[in-house]
Amino acid sequence: MAKTVDIAILSIEGTNCDEELASGFQRLGAHAEVVDVQQFRAPAREAGYRRRLSDYQVVMFPGGFSGGDYVRAGAIMAARVRSTIGKDLRDFLRTSGNVVGGICNGFQVLVELGLLPGRDDGVLTAPQAVLAPNASARFECRPTYCRWDGGNFRPFQGVDRGRVFQFPSAHGEGRLVLSGARGATLRDLENNGQILFRWTDPEGRRAGYPWNPNGSEGDVAGITNREGNVFGLMPHPERAVDRVQYPDWTRSGPTPAEGDGRFFLGSILRYAARYA
C-alpha cells in the first residue's frame, strides 16, 4: 500500500473487539488506534491524549456490548457520539475518500445514530431501523457465510458479484427490522444498492436458519448508506484475517494463508489510500 491510512477505532466502556479490529488493520499496514470517545472532548492542552476526527480517513465502531447494551444495543454509545462528535462526524463524511464502518455492535450503533440506512442529507437523526433480538431468542455464535451481490459500497467497486465470504458471527441482537411498510423499505435499499451482504449457505444460496443466524428481513447481513461510504455488518471480518482463524483449518490446511477478512479490510484500506 503506497500510503498509510489512519484509522480510529472508537470505544467506550463495554466495547471488546476494538483491539482485535485494530490488529487486523495493522497487519495490513494501516495505522490503526483505539480511541475512547472521551478523547475528542479532552482539553486542547492535553495534546498527547486529545484526538480529532480530521486526523483519520477511516472511523470504525467495533463489536462488543457498548454501555452494557442497556436501553437497546448500541443506544448508549450512539447518544454519546451524537453529543460529542456528531457535527464532526457529519463533516468527516463530506470529505472524499473517508469511510465510517460498524461491525456487530458497531452496526447497531450506526443504526441508532441514524447513519444507516441513512437520509439523503446525511444528518444524524432518529433511527430508521433496529437490530432486534435474534429470531431464535438466543445468542448465535458460529461460522457464517454472506454474499456480495453488487451495490454502492465504494471499497467494493470492481469486486465480482456473487462472491461469498466466510466470517464468524457472534450476536444476540442482529435481526434487522426496517421502518415503514413491510417489504417497502427493503425494496428501496435494494433499488439504491444499499445491501452490502446477504446471509447464505456455503454455496452462496440464500437459506433460512441457521445460515441466516438471526432472521433478518431479506436475509440482510449488512447495509450501506446511499452514498456508499458508511457501512455496517453483523459478522466479524476481523476474526477471519488469516486462514488459521477458521474452525476447519486443521483439517483442510492453512492454504491459502489469507482469510476472507483480509480481503474485506484490505479493500477499505485500498480505497481510503487513494485519497490519503
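Which residue fluctuates the most in the chain, going by a Gaussian network model with Cα springs under 10 Å, if the choices are GLY218, GLY228, GLY158?
Of the options given, GLY158 has the highest mean-square fluctuation.
If we count other beta carbons within 10 Å of each Cβ, what is the order of SER66, SER11, fewest first?
So the ranking, lowest neighbour count to highest, is SER11, SER66.
Please work out the Cα center distance from region 5-22 to region 140-192, rounded to the nearest Å.
When both Cα centres are located, 22 Å separates them.
Hey, what do the phi angles of region 193-202 turn into as Karplus ³J(HN,Hα) couplings, whole Hz, using 6.51/-1.76/1.60 and θ = phi - 60°, x for Gly and Pro?
x, 9, 7, 7, 9, 10, 5, 9, 7, x
Kindly list the residues of region 192-217 that lie in the label zone of ALA135, defined by a backbone N under 15 Å from the point 7 Å along the Cα-to-C-beta vector.
Taking a point 7 Å out along Cα→Cβ of ALA135, the residues of region 192-217 whose backbone N falls under 15 Å are 198-201, 206-217.
Please arrange ARG27, ARG205, ARG175 by counting, for each residue, the other beta carbons lying within 10 Å of its beta carbon, fewest first.
Going from sparsest to densest Cβ surroundings: ARG205, ARG27, ARG175.
Explain nothing, just the number: dipole magnitude of the chain about its Cα centre with +1 on each Lys and Arg Cβ and -1 on each Asp and Glu Cβ, in debye rounded to the nearest 20.
380
Which whole-Hz ³J(HN,Hα) couplings does region 208-223 yield from phi under the Karplus relation 6.51 cos²θ - 1.76 cosθ + 1.60, θ = phi - 60°, glycine and proline marked x?
So the J values, rounded to whole Hz, are x, 4, x, 5, 8, x, 10, x, 4, 4, x, 6, 6, 9, x, 9.
Using the Kirkwood formula on the Cα atoms of the chain, what hydrodynamic radius do you get, in angstrom to one decimal?
Value: 18.6 Å, from the Cα pair sum.
Find which of GLY48, PHE92, GLY208 sits farthest along the positive direction of the dipole of region 6-273, computed with +1 on the beta-carbon of Lys and Arg, -1 on that of Asp and Glu, about the Cα centre.
Result: PHE92, furthest along the dipole toward the positive end.
Kindly put ASP149, ASP260 in sequence by how many other C-beta atoms sit within 10 Å of each C-beta, fewest to most.
Fewest-to-most Cβ neighbours within 10 Å comes out as ASP149, ASP260.
Quick check on packing: order 47-55, 30-38 by the mean number of other C-beta atoms within 10 Å, highest mean leading.
Answer by packing, highest mean first, reads 30-38, 47-55.
Here, each number is a calculation from the coordinates, and none is a lab measurement. Here the structure is a predicted model, which is why all the values come from computation and not from measurement. Note that we place each Cβ from the backbone using ideal geometry, even for glycine, and neighbour counts take in every protein chain shown.
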